[in-house]
Amino acid sequence: MTETQWTELLDREPGNAECREAYSRWLIDMADEPERGEFQAWLAEQKLWPTNSPVSAEEKGWCWYWAGGDLPDASLPLHATLSDWWLDHMPRARWSYPTRKEAEEVLFQAWQKAPRPVKGRVGS
């Protein structure tokens, strides 16, 4: 597969952990991007992916959310709701992006700075 094909597949099925794990292996073995591959495996393990169904009408695209505290906000999609740690490492703006890939890239940039293991989402 090509990067474009992986992007299209993950856009259609962002929550498919098996697909993310296969993409992770592809990034490591075929694209020589081990850190991005590790990040994709982490997303699958944490059951995290941005949502393309924003909870606010003013938001468009793919979003991450922060619930505040250790308990998830029932109005937010759990798979897109990040733990408190991310507040200090993500951009100081709305976490809404035109594409899934861009939303994941911003999270990847923050993830690279994170101590391991990283607690991804609220309640995990």
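All of the numbers you see were taken from the coordinates with simple rules; none came from a lab. A quick note: this is a predicted structure, and the numbers were derived from the prediction, not measured. Ideal geometry is used to build each Cβ from the backbone, glycine not excepted, and the neighbour counts take in all protein chains shown.
Just checking my list [x] 13.0; [y] 10.6; [z] 7.3 against mean projected area of the Cα convex hull in nm² computed from this structure; which label fits? Given [x] 13.0; [y] 10.6; [z] 7.3, the calculated one carries the label [z]. Under the definition of Cα pairs under 8 Å and six or more residues apart, what whole-number percent is the relative contact order of the chain? Reported as a whole number, the value is 22 percent.
Would you mind ranking V106, V55 so that the residue whose beta carbon has the fewest other beta carbons within 10 Å leads the list? Could the numbers behind the result be given before it?
Numbers: V106 17, V55 13.
Lowest to highest Cβ neighbour count: V55, V106.
Counting neighbouring beta carbons within 10 Å and listing from fewest to most, the residues R12, R25, R20 come out as R12, R25, R20. I'd like the orientation of helix 17-29 relative to the chain: the angle between its Cα long axis and the longest Cα principal axis, in ° from 0 to 90, rounded to 10. Helix 17-29 sits at roughly 50 degrees to that axis.
Ranking of K113, K101, K60 by neighbouring Cβ atoms within 10 Å, starting from the fewest: K113, K60, K101.
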